[in-house]
Amino acid sequence: MSTILMTEEYWASSPFSIARYYGGIRIGGVEYIIVNKEGKDIFECSEEAKREAREKAIEPGEPADLIDKRYQPIYRKVGREKFIEWVKEGLELKQMKERIKKEGEE
């Protein structure tokens, strides 16, 4: 099983910190991307910052997680806190999708 999420506190001071220069990194065939707390990738955040005349794509102090790109739609849908909770529970992509479907039916 590969890593699903790394918070900035971890990845920014590790060998994965190179992701900050490219918006992501590929490790063992898995593509990881930097996302904000809403699940927008760094490129989307950069475009927003440009339109709003902000200097930073993700403001200092705001979450900037490095996540497995396959999980981005789920991160966006359920939000950062729930996503982290599900990762801590050990849920993988298929299980997360099933949980979203189940919660939608309730």
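Each value in this text was obtained by applying a stated rule to the coordinates, not by laboratory testing. Because the structure is a prediction, the values reported are computed rather than measured. Because the Cβ atoms are built from the backbone with ideal geometry, glycine has one as well, and the counts that use them run over all protein chains shown.
General remarks:
- Structure remark: mean-square fluctuation, Gaussian network model of the chain, C-alpha springs under 10 Å; the largest value among Y21, Y32, Y75 belongs to Y21.
- Phi to ³J(HN,Hα) by Karplus 6.51 cos²θ - 1.76 cosθ + 1.60 over segment 61-72, Hz, x for Gly, Pro: x, 8, x, 9, 8, 9, 10, 4, 4, 5, 8, 4
- Packing-based exposure ordering (other Cβ within 10 Å, fewest first) of L93, L5, L66: L93, L5, L66
- Counting all C-alpha pairs of segment 5-105, share separated by more than 16 Å (%): 57
- Aspartates and glutamates whose Cα lies under 15 Å from that of K82, excluding same-chain neighbours fewer than 8 positions away: E38, D65, E92, E98, E103
- Contact order, relative form, for the chain: 28 percent (alpha carbon pairs under 8 Å, 6 or more residues apart, mean separation divided by residue count).
- Exceedance of the 28 Å cut-off in Cα-Cα distance is limited, within the set K56/K101; K37/K94; K40/K101, to K56/K101.
- Going by neighbour counts of Cβ atoms within 10 Å, the residues D65, D41 line up, fewest first, as D41, D65.
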